[in-house]
Structure formats: structure tokens, C-alpha cells
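A short write-up of the structure that comes next.
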Amino acid sequence: MLTKFIVLAVFAIVMYFVISGKINKTIVAMAGGLLLLLMGIFPNPYEGLQETIDINTLLFLVGMMIFVRVMEESGIFQYLAIRTVKVAGTKPANLLFALTFIVALVSSFIDNVTTVLIFIPVTFAITDILLINPTPFVIAEIFASNIGGTMTPIGDPPNILITSAAKIPFLEFALYMVPINLIILLLMDLAFILMSGKDFRKEVPREFIDSFDESKAIQNKGRFIASSIFLVTVIVLFLLQKQLNLESSIISLMAGFFSLLIFERKEIEPFLSKVEWEVIFFFLGLFIITGAMEKVGIMSDIATFLVNISKGSKVMLSSMIVWISGIVSGFIDNIPFAATMIPVIKQLPQINPDAFSNIQPFWYALSLGVCLGGNLTPVGASANVVGLSLLKKHKGIDVSFKDFIKFGSIAVAISLALSNVYMLLLLEIMK
Amino acid sequence: MTIFILFIYTIAYAFIIFKPHISSVTTLLFGIVSILLLGEFNFENLPAIVDFNTLFILLGMMLTISILKKHGVFNEISERIVKFSKGNMILAILLIDVAIFLLSSLLDNVTTILIFIPILLYIADITDIDYKLLTINAIFFSNLGGMTTAIGDPPNIVIYAVSNLSFMSFIYNLMPIGFIVLIIQILVLNRKFKKITYKAQITESSMQKNNTWILYFIGFMFIVLLMALHEEVGLELGFITLVGALIMLFVEGTDFQSVISEVDWDTLFLITGLYMLNGALEKIEIFAPLINLFEPIKTSLLLAIIILWSSLLLTGFLSALPVTLLYITIIRKLVSLGAPIDLYWALALGVGIGGNLTPIASMCNIVGSNVLKNYKKRTLTFSEFLSSMLKPVMLGGIISTAFLIFKYLL
């Protein structure tokens, strides 16, 4: 009982600092984790580490971070952004659809923040000429990046955690998640056009669209082509993950380090330091803390609680997971929340084997909730923070918490309601 | 399969020798490929192959150094030495060399080199002492100091993590040899400098300084104390260094990314890759014939001396870490079959002293030569380096041999 209390107290203190941001969250999480290891929650600190840490996720992140940075240098993503604008043509509404869909597609493979950093500058170029308000476009793109990230196991950190713990292959996950998220995106775009109608009536001059030159994004043609081939190969490897029997961390490590060798042979060291180690070590600390919570039985308490209030109904439980995780993730970092919920879901079959023998659907409920909920507030996901700071830096527009929530609540309401309906379908399919 | 893995292993080592600047990445990739080839591998049992204690110690020490550097701890030390010598430049040089030795025994060798070589070069400017002589000696003392403790340099960290010997046992066995070589080499240097009688006027710097560096220095000393007591406290060195670094980060309150981007990821990746490659080799039992060969003489002095000298010479060409990993697998097996733990000391001495042999034998040699090149536009050629290092290396080798003979006969 006492150990439970101590572990819970450490968790609460760490969460307090993560939310308040008073001390760097990585340092707090690492310190909390190491403290728990030293206190002897586990028979031996090293066993504790081995038990709790999901190496698969950590290595996957390292590999992907390197890979995305190297690919970025080739200009391949800028090229895509400009091509999209050209294809979409002169109507702002079409532009919105085209931009949000391509943002979703790109962010389903690379991280959301990078996607936002690539696409928002292109968007500013258009809204400047038209003299229209860039805010709806920027917010729509932020939302699209978060929605896109939900579609694949590698799009968003919580998905990496979930699919790594549940061992869901890439293609299977994408198969269930892409259609529902595309529908959510479509509805969200329609809602945006309705809400800020006047900005979408102007027409972009054709010659302006034509003046964009996508070849400028490419500095080195050979590298651009080689990078494209490399990128496609990596995506194919992910799609064939199950057939090849490769773990996603291996694919990502190979992708990262091979791309480094091929394209950045001269500058290996700077690229290695550019990896967001802060994020990796934050995960490391979190894994230990949630692992300790699991070890002392807190997770099974939560799971028991959830099972009791859902009265053994799968429909009830999956709806609860979608809504609770959605709303909570709107306010706090969704990574610790997902990391906490994963062991809870894993415990379900032990608590009520009759009703919850198949936990497969609940992984999807968790993923939909935590990833899509991030759209609720300006601080719900890192893409929101970065996108809004770009808006402030370049256009001097300060989107208030209230203004953001006006869009956010509608987007999240659409997302979670649709997800909830979708869960009913999934529960039928996965019986 | 065996041939295939050996083939990968050879290529990986070829990269280490011929393309050292990309070897961290190539080694890691070849490492992953080789364990994948073995099949049935899964990252969850990675800790069985890669020793995480090693990585944690390195990471914790690198973070600590980065913080200490930021707060000017090293500048303070060097300033104090120069002041203490009261204008006697030869004394200053010798004291700096001793400081390099002592600091390297606890910190990363490259860091100490980067701090002290510029100061030595400055002294060389005003005394007409040969730049190359000072640089080469600084490198030698740095490598020598690194050899004397469990955390002094990466090879020793690996030996510590694999062998489960205590922090203090490294000091008992290796520090005396380090000191003997240090004293002899200092005497040799002092005789060379005899001719120079230069007195410099030291101008007192009247700059106001804050004394936070003392706080961090004491913190660091406390970490070292904990390391010395780690068996009594019942903690692994990896935890002590990591927790120590985190506490310093807490006190300092900066963001993690700025401190952690100073970490030398190259070394960490290289070690991880080497562990994987050796794990694969172990799985295919390639070492079995070697172990069978040495088994009959496992308790004899001859084996220890073979290990000492062969690792010493090999290190000159393969660099210290790869040699350590290669040998440690065999030694661990032999020790588990009843060989004395002195074989570990033979290895530590061999790679520690052999690390001085050529410009590529350790990271510190490469960095030291680069500092000389950047400051004074002088390049140390391979043969220059080898010829000036040969004497001190032989001296170290002979003293180590004497130590082993002494240990085995008693």
C-alpha cells in the first residue's frame, strides 16, 4: 500500500511539472524514473529498466528523427507543397482541401511539427497575395497534421507507443485508421468553410499560382531523385512489414542511418546531435514511471475501475476511452497519457476475461482519442504550439485561447463523435 | 552463415580503419545487420547483447562534463595552476601535465586535451619550446590518466561493465602503474627542459568572477566519492553518473537539449555497434577455437603477457574500443573457465598504453593533433607521432609487464 502511494506521488509530482512547465519536463521525468528505480520498486535497477523500457519505440524514434532531417534537406517536401498549390488551382476552398489533404498525407509519415513548418510558409505566400486572413488556413493545417498523424503507426508518438505495445503491423493499423480519418478531415474542412465563409470567396489570380516555381525547392537534382526513391522504398518497407517480419524500429534505424551514410557522409556528427534527444529521454523517464505503476498494481486498479463502471459493456468502454482520452489530451501532453493507458488496456483481459478477451479494438479507440483530442486547445499538441507561433512571428496575429477553442471544439466534437460511431463498427468487425 | 557474419565483421572493421569519420554509423549498421542475420532477434532482448551500463556511464559522464565546462570549472583549474607556478614556466608545464593526467582519470580524455593544449601552446609561444613536443606529451598523459580508473576512458568503462569488478579495484591495480609511468616521464621531460630558464611576468587578472564553479566542482567530487563507494551503496556506476548529472541539471535549470547535444553520440553509437557485432560473433561461437587454444595456459603468466602486448600493438591500428570489445569477449569466457581476473588488467593496460602508439589509436590523439593544426598550423605526421611516442609507450609496456610478473609470482 505504501509503495503504491509513493509511486503515485512521484507520478503526480512529475505530471505537475510536465503540465506547469516550471522545470524542463525531460529532466523531471528522468529524475522521477531513476528515483523509482533507486527506491527498489524493482528487485534490481537494471532488471527494472529492462522490464519497463520499450526499446522498440526509442530506437524507432531515433531512426525516424534522423531520417526525416536528412530527407528534409533534399527539398522533397517543399516541392510537394508547391505542386499541391499548383494543382489545386484558383479557388480558396479547393486550396484548403488540397492543402489539408496533402498535409495529412505527409504528416502520416513524418512528424507533425515538421509538416507544419514546411506547409505554413507556403500558405502565407498565398494569403498575402489575396489579402485574406491566414488564420483559418493555418489552424486547418494544424488540425490536418494531427489528423494525418493518427492514420499510421509512425505518424504520431502515441501511435508509435500503442502499436509497439500491441504489436499491430503497419498495414493493418493503416487499413483501419486511414478511411475514418479521411472522413473526419473532409467534414472538418466543410465546417471550416462554413465558419469563415467570406475568406473563401475571393479567387486567386492564375498568373500568381503559375509564378510559384517548384524547381526552386530542389537544390540538387541528383539528390532529390535519390531521396525520392529512398523515401518510397522506406514506405514500401513499412507497408510490407508483416511479410518481411521486420520490427518497425529496425526499418526506421536502417532508414535513418543509411540515409545519413548516403546523403550526409560529411556531417554525421551534427545530424546526430540534431535528433531531439530531449524527447527520447522524456520517453525513457516515462517508461520507467508507468512501468513502476504497473508493477505495484496501480494500472490494474484503474483497469478494474474502468471495467466496473462500464459494467462489462464493450460499447460503453470503447466510448469512454475515446471521449476521456480525447478531452484529457486536449489539455495535457498526449504522450504521458497514452503511456499510462497502454498498461491499463493490457490488464483488461485479466480482470474480466468474458467481456474483454479481445482488446484489439480498444487500441484503436485509444489512438483516435489521444491523437485527435490534441486539436482541442492551443497547447493540446506540439504542432499547435509551433503553428501558432509561426502565425505570430510572421503575421503578428495572436490567436487567443478562446478563438482557438472555437475551431478546436468543433473539430474535436466531429472527430470524437465520428470515432465513437466508428468504434461500434470496429467492435462488430473485430468480434 | 558463419562465413557471412565473419565477412560483415571484416568489412565493419575495414571501415573503422580506413573511414574512421563515418565508422560510428557503419559499425552500428553492420551490427544491426549481423544480429538480424542470426534470426529470431527482437529488440526486447537487446540488453542481453548491448551493455546498457556502459552507455549510461558514458552518457552520465558526458552530461556532467558539459555542465562543468559551462561553469568554467576547467578554466579555473588551469588559471590556478599558472598562478601557482609564479612565472616558472617549466613548473607550469609539468603541473599542467599532472593535471591532465589526474583529470583524465575521471573525465573524458578529449575534454581535458581540448582545455589544456591551447594553454600549453601559449606557454610554448613565450618560451620557445617545441609545440609538437608539448602536444604529444599532453596526449600521452591524457591517455595514461584515462587508463587508471574504471571511468577514465571508454575501454575501461567497457571492461568495468563486462567484468563486474569494482571501481576501487581499478584504482588499486592500475593507478600505481599510471603513477610510476607519469613520474618517470615527468623526470624525462624535466631534463629536456633544463636548458630553458625563462621567467614570465604573470599579470594578475582583476576580473570579478562568481564562485558558482566551486559548487559544481564539489558536486562532481561528491559523484566521484559515490563511485568509489558504489559497492557499499549497492548501485551501479551507470546509475550514479546519470543521477549525478541529472541533479546538476536540476540545480542549473537549463534546457536538456542544449546540454545533451554536446554529448558525443559518435562514441555511443560506435560502442553499441561493436557490442552487436561481437554479440553476433559470440553466437556463432567463432571464439571457441581461440578459447580452446588458450585454455591450457589460462593461469600462466604467458597468457597475460600475450594479451598485454598483442592488444597494445593492435590498438595502434584498430583504435582502442574495437580491440577492447574483441578481447573482452574472449577474456570473459576464459575467466569463467577459471582464469585469473588479472587478464582484465592486462587488457586495460594494453589498450590504455597502446592508445598512444599512432595518431589514430584513440580519439584523443586525433583531437589533440587537430588542435595543434588549428592553432599553430603544424601537422603531426604519422611517423613523427610514432617515433616520439615509441619510447614512452615501450616504457609503459615494460612497466606493465613487470607489474604482471609481480602479480603472478606473488
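A short reminder: the numbers here are calculations on the coordinates, not readings from a lab. Being a predicted model, the structure only gives us computed values, none of them experimental. Here the Cβ positions follow ideal geometry from the backbone for every residue, glycine too, while neighbour counts run over all protein chains shown.
Arranged by the count of other C-beta atoms within 10 angstrom, fewest first, what order do A:Val421, B:Val393, B:Val158 take?
Least crowded to most crowded, the residues run A:Val421, B:Val393, B:Val158.
Which value, in nm² and rounded to one decimal, describes the direction-averaged projected area of the C-alpha convex hull of the protein assembly as shown?
Averaging across all directions leaves 39.2 nm² for the Cα convex hull.
Give the distance, in whole Å, between the Cα centre of segment A:7-75 and the Cα centre of segment A:189-223.
Taking the Cα centre of segment A:189-223 as reference, the centre of segment A:7-75 is 40 Å away.
As an exercise, find the ratio Rg/Rh for segment A:260-334 from alpha-carbon atoms, using the Kirkwood inverse-distance average for Rh.
Radius of gyration over Kirkwood radius for segment A:260-334 works out to 1.24.
If I model a spin label as a point 7 Å beyond the Cα along the Cα-Cβ vector, how far apart are those points for A:Ile332 and A:Val232 in nm?
Going by the 7 Å Cα→Cβ label model, 4.5 nm.
Given a Förster distance of 51 Å, report the FRET efficiency between A:Met195 and B:Leu36 from their Cβ-Cβ distance, rounded to the nearest 0.05.
For R0 = 51 Å, the calculated efficiency reads 0.50.
Averaged over its residues, how many other protein chain Cβ atoms are within 10 Å of peptide B:56-62's Cβ atoms?
That works out to 1 on average.
Which residues among segment B:255-272 fall inside the zone where the amide N is under 16 Å from a point 7 Å beyond the Cα of B:Asn374, along Cα→Cβ?
Answer for this model: B:262-264.
With N residues in chain B, what two-decimal value do you get for its Cα radius of gyration over 2.2 N^0.38 Å?
Dividing the Cα radius of gyration by 2.2 N^0.38 Å gives 0.99.
For segment B:326-365, what value does the Rg/Rh ratio take when both radii are computed over Cα atoms and Rh is the Kirkwood radius, given to two decimals?
We get a ratio of 1.11 for segment B:326-365.
Calculate the tail of P(r) for segment A:336-387: the fraction of all Cα-Cα distances greater than 15 Å, expressed in %.
I get 55 percent for the Cα pairs in segment A:336-387 exceeding 15 Å.
Can you tell me the 0 to 90 degree angle between the C-alpha axis of helix A:55-73 and the longest principal axis of chain A, rounded to 10?
10
Semi-axes of the equivalent ellipsoid of segment B:7-125: what are they in whole Å, largest first, if each equals the square root of 5 times a C-alpha gyration tensor eigenvalue?
42, 18, 10
Among A:Glu203, A:Glu141, A:Glu214, which one moves the most in a GNM of chain A with springs linking Cα atoms closer than 10 Å?
Evaluated over chain A, the most mobile residue of the options is A:Glu203.
Just to be sure I understand the model, the point goes 7 Å from the Cα along the line to the Cβ. What's the resulting A:Glu269 to A:Ser400 distance in nm?
With each label placed 7 Å out from Cα toward Cβ, I get 5.1 nm.
Take the alpha carbon atoms of segment B:1-72, find their center, do the same for segment A:324-363, and report the distance between the two centers in whole angstrom.
35
Going by alpha carbons, how many degrees (0 to 90, nearest 10) lie between the helix axis of B:52-70 and the longest principal axis of chain B?
10
Take the alpha carbon gyration tensor of segment A:64-107, find the square roots of its eigenvalues, order them as a ≥ b ≥ c, and report rounded if a/c is under 1.5; if not, report prolate when a/b exceeds b/c, else oblate.
oblate
Within segment B:382-405, name every residue whose backbone N is under 18 Å away from a label modeled 7 Å from Cα of B:Arg191 along the Cβ vector.
B:388-399
Please sort A:95-106, A:291-302 by packing, taking for each peptide the average over its residues of neighbouring beta carbons within 10 angstrom, highest first.
Packing order, densest peptide first, comes out as A:95-106, A:291-302.
For segment A:142-225, just the Cα atoms, rotate onto the principal axes and tell me the three extents in Å, largest first.
Largest first, segment A:142-225 extends 51, 44, 18 Å along its Cα principal axes.
What fraction, in whole percent, of alpha-carbon pairs in chain A exceed 30 Å separation?
Summing the P(r) tail past 30 Å for chain A gives 44 percent.
Would you tell me the mean number of C-beta atoms belonging to other protein chains that fall within 10 Å of each C-beta in B:259-265, as a whole number?
5
In whole angstrom, note down how far apart the Cα centers of segment B:280-327 and segment B:368-410 are.
Each part reduced to its Cα centre gives a spacing of 21 Å.
Per residue of A:272-283, what is the mean number of Cβ atoms on other protein chains within 10 angstrom of that residue's Cβ?
Counting Cβ atoms of other protein chains within 10 Å of each residue's Cβ and averaging gives 4.
Can you figure out the FRET efficiency of A:Asn245 with A:Ser357, using R₀ = 25 Å and their beta-carbon distance, to the nearest 0.05?
0.45
For the pair B:Asn292 and B:Glu262, how long in nm is the line joining their label points, each one 7 Å along Cα→Cβ?
For the pair B:Asn292/B:Glu262, the computed spacing is 5.2 nm.
Select from B:Gly244, B:Gly352, B:Gly338 the residue whose mean-square fluctuation is largest in a Gaussian network model of chain B (Cα-Cα springs shorter than 10 Å).
Residue with maximal mean-square fluctuation among B:Gly244, B:Gly352, B:Gly338: B:Gly338.
Rank by packing, highest mean first: peptides B:363-375, A:228-240, with packing defined as the count of other Cβ atoms within 10 Å averaged across residues.
The packing order, highest mean first, is B:363-375, A:228-240.
Give me D for segment A:365-407 in µm² s⁻¹, whole number, from Stokes-Einstein with Rh from the Kirkwood sum over alpha-carbon pairs, 10 °C and 1.306 mPa s.
Using the Kirkwood radius from Cα pairs, D works out to 145 µm²/s.
If you take the beta carbon distance between B:Ser383 and B:Thr299 as r and set R0 to 35 Å, what does 1/(1 + (r/R0)^6) give as a FRET efficiency, to the nearest 0.05?
Using R0 = 35 Å, I get an efficiency of 0.30.
Just A:Phe67, A:Phe11, A:Phe362 to compare: in a GNM of chain A, with alpha carbon springs under 10 Å, which one fluctuates most?
Residue with maximal mean-square fluctuation among A:Phe67, A:Phe11, A:Phe362: A:Phe11.
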